[in-house]
Every structure is written in C-alpha cells, then in structure tokens.
1. Tally the residues that are hydroxyl-bearing (Ser, Thr, Tyr) and within 12 Å of Phe446 (Cβ to Cβ), restricting the search to segment 402-421.
2. Give the residue that is modelled with the highest pLDDT, with candidates limited to residues of segment 564-594 that are open to solvent by less than 40 Å² (accessible area, probe 1.4 Å) and among the acidic types (Asp, Glu).
3. Please work out if His297 is assigned to a strand (DSSP E or B), open to solvent by 50 Å² or more (accessible area, probe 1.4 Å) and without any contact (Cβ under 8 Å) to a residue 24 or more places away in the chain.
4. Inspect segment 266-289 for any residue being in contact with a strand residue (DSSP E or B) (Cβ under 6 Å, 6 or more places away or on another chain), assigned to a loop (DSSP other than H, G, I, E, B) and farther than 22 Å from Leu217 by Cβ and give the result as yes or no.
5. Can we say His303 is under 28 Å from Tyr117 (Cβ atoms), part of a strand (DSSP E or B) and modelled with pLDDT under 90?
6. Any residue that is assigned to a strand (DSSP E or B) and within 27 Å of Ala50 (Cβ to Cβ) - is there at least one of those in segment 378-394?
7. Kindly indicate which of Asp561, Asp485, Asp523 is of a type in the set (Asp, Glu), modelled with pLDDT of 80 or more and surrounded by fewer than 19 Cβ atoms within 10 Å (Cβ to Cβ).
8. So Arg88 passes all but one of these: (1) open to solvent by 20 Å² or more (accessible area, probe 1.4 Å); (2) out of contact with any Phe, Trp or Tyr (no Cβ under 8 Å at 6 or more places or on another chain); (3) at pLDDT 90 or above. Which condition number does it fail?
Amino acid sequence: MKAPRGWSIHAVLALMLLLAGAGSRAEETPLPLVDLGVREFDIQGPITFARRTDDDWWALAFHRKPAPDGIDERARVFRSTDKGLTWREDREAASAIRAPTSLLSSASPRFEFLIWYTPSVGIIAGDLGNHVFRTSDGGRTWKKITLTKPLSLRAMARVGQRTWLCGVGDTLLISNTQGAEWRELSSLPFQSITNRCESLSFRDENHGWVVGSRSGLWETKDGGLTWHKLPLPEQPPIEHSSGERPPPFLHQALLLSSRVGWVLGAGGRFQTTDGGLTWKSRPLSPEQSQAGFGIAHLKPKRHIVTVGHTAPNLPLSKWVPALERITEVMGPDTVVSIDRRYARRGPFRWDVAGKRIRAAPLISQGPRQSTRLLGLFLPPSGGWFGWTSRKVLASHDQGKTWFVRGGPPSTAFPLQRLDVQFGIHEEQLLAQTEKNETWHSVDGGFTWSRISHGLDDYERAVKTGLSLKEMRLLPTPRCLLLAPDSILKAQFGIQGEGHQGQGHLVLTQSADHISVSGGHASDRTENIQVPTRRYVRPDGEWFLRDLVDAATQPERPAECDAHLRHVVTLEWTCGVQEPAWHRIDFQSPICPKDVLYQPPNSFTDGEPEDAPSMRARSLHHTAHRLLHDARP
C-alpha cells in the first residue's frame, strides 16, 4: 500500500489498524466521531497536582510562553470537581497566588510543589527565593513565609504534620506546623549546585533517605539532624562523548520499612531487604510495564503508588513501587502520573484501582458538538492527530479519547491534510487547505500562522513571465539580488539519530561591500569557523546568488522517506533601514545513495548535475561550501 502524499507510513498503518476487522472496504469505513466541545488547555510550563477535597482538585502551572512583547510568564490555576475528568481555569485563584509572586526577588520563580494539609491550609514551594507561600483560607489568599536563605527546591517529603524540603546545596528545611514556620537543618552532605538533593523519602518522623545527584544515598535516624552514607547498587558506567565516565546517577529513593527500600538510577530499579547494605536489580517485567497503578497503604497514613494492585496482606518485600513516573495520589484509589522525561508536562495518565483509565492533558468540556474526523496523522515523534474541516485534534491514547487543540482561523479554507516538518530547533505541524494554503504551528496545534514565504507564488510568476524587478514585490529571497542593503541568515544541519552537525551563515550586504561570517561543527567533517570577512560587492555577490538560487530552484519530490534529514532555516530582510523579516524552513530526506556533506570542490552550483533539486539538500551543501570557501 502506497502512502498518500503528505502522510507518513505510520499514519497509514495506524489507519489500517483502526479499520481492521471492518466488514466493508477500508475506504468505505468512516473515521471516528469526536466531540469538538472537548478542548485542551494550552499550558507551556510544568504542572503540579494536589487534592484539596474529594470534589476540589487543583492543578498549578507556572506558564512560560513566547509572546509578541517578550515572555508571557504567570501563574495559572485549574480546578476539577469531577475527579480530574474536566477542568476549568480559576483566574481569581491564580491572581491570589500572583500577588506574593510579584514581590519576589527571584527573576524566574517556579512552582514545584503544592501541598494541602487540610481543606483550608496549604503551601506552595519551589524556586521562590527564600520563601514559600501559605494559605489558611482554602487558597483565597496567600502569604509569604520567609526561609533562612534562598533555596531552589528539588524534593519534598511529608509524614503527618512534619514536612521536609531540600534543593541545591546542603540545606534541609523542616516544618512541624503545616508550613507556618521552618527551621534549617544544615547537615546534608551536598556542597555545590552540581551536587543537589534529588529525592527525599521518610517512613516516619525520624527515619529517612536522601539522594544526592553526585553523592549517592544517605540515611538519617533522627529526622534529618545527622546522616550516614549507604552502599550503592552497582550500575554500568555512563559513557560521555568527552571520554569522561562520571558515576551513574540516582534519581529517586523510596524507604518502606527498616529493611525494605528501593532506588531508581540510570542503571534501572534496585531493591534492598537488609536496610541498604546490599542491593538487587529488579527490572519490571513486560506485563508490569503495561500495568496500571494502584495504591497500597502504610502507617502512619502513607500512601504508596504501586505497579498493579497490591493485596492487603502481601509482604513489603513483594511490593512493586512505581518509580519511573512522577505520581500524585488524588484519592483512595486514584493516581495521576507523568513520565519523568517530560518534566511535568503532559500527557498525564489517570489510573484507578490498578487500571489505566486514560492518558490526556487538562481538558475542558464545552457544549457538545459531535462530528466525524476527516483524516488521521501520526508524526514520528508520537501521538495521534486528526482533523475536521476547521479543527485539529489530538489523542494520547491511540484514538480512545480526542480533544481539540486549535486550527487555522475561520477565514482559512477547509483543511485537507496534516504533515510535520522538522526544523533545526523545533518540530512544526503543517496544515494544508483545499486551496493549497499552508499553515504551520510550532506549539503542537494551539496557534497557527500562514506560511507566506512566496515560493509557490514565485514559481507561478516565473511561468507567467514576470520580470525580476516585479518579483521583488514577492516575499522571496529573490529580493536580495536587487536590494541596495540586505541581511540573509542561514541555519543548516543534519537531523537524525546518531548524527550531529549544525552550522550558521550570515551575509550582510551594503552599497559597497558584502560581509560573510559563520561556522559549522560536525562529528563527520572538520569544523569551520569564519570570522567576519568583507568583500567588495562585485566579488562577494556570488555568495548571495548561490544561496538565493538554491532556495528558489524548482522543488522536486523526495525519492525516499528516510529518518535522516537535511534541515535549513533562512531568514532575510531586503531593507536594513526599515527591515521586514521573512523566514522559510526547508527539509528533505537523506536517501541511502546521498552523501551527508558534498565535497567542497566537487561542484560549483550547490548540487551535482544528476541530483534531484531538493531545496533543503541544495541549501545545506551550498552553505557548507560557502563557509569552506570563505575561511581565512
């Protein structure tokens, strides 16, 4: 089966699986119905969850997102009354949290922990300078509680009314008053910002473990006043490209009893049954890796998230704790979790009574509007996307649940297909309309802008016989050839597993001169560094012309669907005095017969004569050759 243009083979396979078992032909089987009233909140920062009451769950995010005038940075609060199924944004609660935030000296405050001791009393901790925030009225108002010193918090543990916080350096904070007062226990064996506290675990008010990012595992028997080091499990060494072999890190510790405990490290999961003297590797079985999360209970009021259901009488040595995901107990049998690799960003997983229920971000439920998907798309990076005539939807659980991300504005023509384009620093989602408009999104489909680089218009102009002067009005790099002053910036590289290579090139044109600067670093070729070199304009114009020709040559279809790709970004302005910047992102696959880096002296026009005219590859080779030629 040949993949339709614009579809990856993954999307075709997914569609075949979705339609498997149908009684009629796949082409005649309708795609799923979706509810356009289910929308995902656009959250660009980490999230922490906490249950205030059974009917009032909180999700706290510190939102950081690029905005036209800088960075949109603010606290956001979301609340759920149906145990996390749907959420609403509470701007009044967020405003109450922002009040003390505005008085902080920290340039970039960050929330890591939200703890509710009672429905009225709670604290917020994180990177908040030398403060934590505390409420005694259920979140209507928050006050700053001053700590002894600024502390970027990394880990938290709580047993009953006692709470411990630790972070960068050797400081451990303890509170016995539900966060109203804190005292410092300066006894942790961490001495620098590179050796920070990673995890805390206490089984009662006196006995606990702490993990240091570079100093192993330590134990206390007096609530944190003193610590002694425990033996570490044997883990394979970490190999760095620099040749260094730092000790394998530990990420998490869990102390269950005086004898039973677990750690998670770079080398996997390890269990001790003799108080940390010896360790055994305990990897998850394939069945356990697919199991849901349950909750097991220990005194005093400790809730341990476990892999699968844990029988009440099962010995502690047989428990299998959930270590690979950040977890939060949200009820007697409900767990919210997220993979540690995503740093508290979605998708979140909801497990009830040991079973996986769904994987979804924070969503809201508006008026129900049922409609059928027009198509499916599975980008290589994961997740499912679908579209209707006007909306782009996403799914994190292989199509079981769908939610609206966004879509081009209502003035755009109906959507026809989705695709993905890999840039040097980002992944873009592309949407094509029935009238061949192309829109792109760099935030997963929440916001969209039309691609108006004009190359399609330029190709049509060539066919209709427009002059070069007339083409200058089109937003294409061709204007650079006629502009008295201009700037052209190129970022180019190779993207794909096992390959590293990236370069940049800047051409600045004035009435009399052209300046060239840039560099390229790769593990496959010699590194190139070009300080600013000036050429008289007639001698330097060929730099500019070669790049413009490579960018505006007719595009031909790719001959393969390889994972390894040339990626190029061009940015230019054709008027330095009143600059109007334009940008184009290019990509093309590197097929088996292609070369990663064209030898600099093998051709003069950016591409071998018998090669397909793929713009990304031509631009990549041309920029690399120009840097090579411009070296001192």
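The values are calculated or read from the model by the stated rules, or taken from the named source; none is laboratory data. Given the structure is predicted, the values throughout are model-derived calculations rather than measurements. Please note: Cβ atoms are built from the backbone with ideal geometry, for glycine as well, and neighbour counts cover all protein chains shown. When the accessible area is computed, the model is the full protein with side chains, heavy atoms only, and any ligands, DNA or RNA have been set aside. Shrake-Rupley method; radii C 1.70, N 1.55, O 1.52, S 1.80 Å.
1. Total meeting the criteria: 0.
2. Here the residue is Asp585.
3. Criteria met by His297.
4. Checked against the condition, which is being in contact with a strand residue (DSSP E or B) (Cβ under 6 Å, 6 or more places away or on another chain), assigned to a loop (DSSP other than H, G, I, E, B) and farther than 22 Å from Leu217 by Cβ, segment 266-289 yields no hits at all.
5. no
6. Looking for residues that are assigned to a strand (DSSP E or B) and within 27 Å of Ala50 (Cβ to Cβ), one finds at least one in segment 378-394, hence yes.
7. Asp485
8. (2)
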